[in-house]
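Asker: Dropping a structure here in structure tokens format, bear with me for questions.
The values are calculated or read from the model by the stated rules, or taken from the named source; none is laboratory data. Just so you know, these numbers come straight off a predicted model, no measurement behind them. Cβ atoms come from the backbone with ideal geometry, glycine included; neighbour counts cover every protein chain shown. Protein only, heavy atoms only, side chains kept; ligands, DNA and RNA dropped before computing areas. Shrake-Rupley method; radii C 1.70, N 1.55, O 1.52, S 1.80 Å.
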Amino acid sequence: MARGQRRSIEEKIQQKQDVIDSLEVRLEHEREELEALLSEQKQKEVETLYDFIKASDLDVEEATELLKKHLSGQYEVTA
């Protein structure tokens, strides 16, 4: 059974370069989708925290101060 014409080294190189280029485009697209998902996750977490703060009858500054006091108290205990 006869085989087809062998590809030249230049054709093989070009084929591999085409595959790499295609993978790079796909990788960039996947990174963009990941960033969008991470952004969405962050937004939902912020909304959850904001809703909790509001349900606690605090404003953001008061909640921030309470967290700072709480965390500084934790570090003093462990130090």
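Asker: Before rounding to the nearest 500, sum -39500 (n - 2.57) across all DSSP H runs of length at least 4 in the chain and divide by the residue total; then give [θ] at 222 nm in deg cm²/dmol.
Answerer: Working: 2 runs with 66 residues, N = 79.
Calculated at 222 nm, the ellipticity per residue is -30500 deg cm²/dmol.
Asker: Continuing with this model, one more query. Non-local amide H neighbours of residue 58 (under 5 Å, H modeled in plane, Pro and chain starts lacking H): which ones?
Answerer: Those qualifying (amide H under 5 Å, at least 5 residues apart or on another chain) number zero.
Asker: For helix 60-78, report the angle its Cα long axis makes with the longest principal axis of the Cα atoms of the chain; keep it between 0 and 90° and round to the nearest 10°.
Answerer: Around 90 degrees separate the two axes.
Asker: Okay, next question. Between residue 20 and residue 48, what length comes free when the chain is fully extended (0.36 nm per residue of separation minus the Cα-Cα distance, one decimal in nm)?
Answerer: On the way: separation 28, 0.36 × 28 = 10.08 nm, distance 4.17 nm.
Taking 0.36 nm per residue and subtracting the Cα distance, the gain is 5.9 nm.
Asker: Can you compute the label reach from residue 71? Point 7 Å from Cα along the Cβ direction, backbone N cut-off under 11 Å, restricted to region 43-65.
Answerer: 64-65
Asker: Which of the lysines could a cross-linker span from residue 42 if the Cα-Cα distance has to be under 23 Å and same-chain partners fewer than 8 positions apart are dropped?
Answerer: 54, 68
Asker: Then there is this: Straight-line reach from residue 44: which aspartates and glutamates fall under 15 Å, measuring Cα to Cα and dropping same-chain residues less than 8 apart?
Answerer: 35
Asker: With every protein chain kept in place and ligands, DNA and RNA left out, what is the accessible area per residue of region 12-79? Probe 1.4 Å, answer in Å². Mind dumping the intermediate values first?
Answerer: Details: 6360 Å² over 68 residues.
Spelled out: the 1.4 Å probe surface of region 12-79, per residue, equals 93 Å².
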